[in-house]
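The values are calculated or read from the model by the stated rules, or taken from the named source; none is laboratory data. Keep in mind that what you see is a predicted model, and the values were worked out from it rather than measured. Positions of Cβ are backbone-derived with ideal geometry, glycine not excepted, and every protein chain shown enters the neighbour counts.
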Amino acid sequence: MFKSLNSLSTSLILRGLLAVAVGIIALAWPQVTVLALVIVFAVYAFIAAGLQAMRAFSSHAAGPVAGHLLLGLVDLAAGVIALAWPGPTALVLVLLVGAWATAIGLVEIFAGFRAGEPAGTRALFFLSGLVSIAFGIVLFARPDMGAVALALLFGLFNLVHGSWALALGIELRRTRKTLHSAVRETDLADTKPSPVHAPFRRPVHQ
C-alpha cells in the first residue's frame with residue numbers, strides 16, 4: 001500500500017510540475033507561432049507518456065497497468081502526430097489537441113472503472129477525465145480559433161490541471177508519511193517485550 005501511494009504521489013507531483021511549467025510557457029508567449037506551439041505540445045505529450053509508463057510499471061494489478069499504458073500510448077501518439085505533420089495550420093492543431101484531450105478524458109474515465117486502484121485514485125481519474133473532455137469540447141466548438149487563443153486555453157488548462165495534481169500529490173505524500181509513522185508505532189508497540197512476572201511463592205507458615 002505504501003509503495004502504491006508513493007508511486008501515485010510521485011507521478012502526480014511530476015505531472016503537476018510539468019503541466020504548470022507548460023502552462024506558464026504557453027501563457028507567457030503572447031505571439032506564439034503554430035510551429036512553436038506544436039513543439040511545446042509534443043514535448044509535453046512525450047514527457048506525460050513517460051510518466052504514465054513509469055506509473056504503469058510500478059503498479060502490481062493488471063487494471064492500473066492497462067489504464068496507465070493506454071494513457072501513455074494516447075500521449076505518445078499525439079506527440080508523434082504533432083511532430084510528423086510538416087506544417088500544421090491552426091485549425092489542424094486545434095482539432096489535434098481537442099482530439100487528444102477528449103481521448104485522454106475517455107481513457108481516464110474508463111480507467112476509473114477498472115478495479116485495482118484506491119477509491120481516491122478512481123475519483124481522481126473521473127474528475128481529471130471530465131476536465132479533459134470539457135477542454136476537448138471547447139476546442140471542437142471553436143475550431144477556428146488561432147494559435148494565440150489556443151495557447152491561452154492550453155496554458156490555462158495546464159495551470160489548473162497541474163496545480164490540482166501537484167497539490168493532491170503533496171497531500172498524498174503527507175498521508176503516506178502519517179500512515180507509515182502510525183503503522184511503525186503500532187509495530188513497535190506489538191514487539192515490545194511484556195514485563196516478566198516474578199515467580200509465585202507460597203507463604204511460609206511459622
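Miscellaneous remarks
- Residues of region 63-107 satisfying the condition of being within 24 Å of Asp144 (Cα to Cα) and of a type outside the set (A, V, I, L, M, F, W, C): Asp75, Gly79, Pro86, Gly87, Pro88, Thr89, Gly98, Thr102, Gly105
- Selection of region 127-152 for residues being within 15 Å of Phe41 (Cα to Cα) and out of contact with any helix residue (DSSP H, G or I) (no Cβ under 7 Å at 6 or more places or on another chain) yields Val148, Ala149.
- Number of residues in region 43-54 that are more than 13 Å from Phe154 (Cα to Cα) and either among the small types (Gly, Ala, Ser) or modelled with pLDDT of 85 or more (or both): the value is 7.
- Within region 149-172, the set of residues being surrounded by 15 or more Cβ atoms within 10 Å (Cβ to Cβ) and closer than 22 Å to Ala123 by Cα comprises Phe157, Asn158, Leu159, Val160, His161, Gly162, Trp164, Ala165, Leu166, Leu168, Gly169, Leu172.
- Candidates Ala115, Ala151, Ala147, Ala99 - the one that is at pLDDT below 85 and under 21 Å from Gly23 (Cα atoms): Ala147
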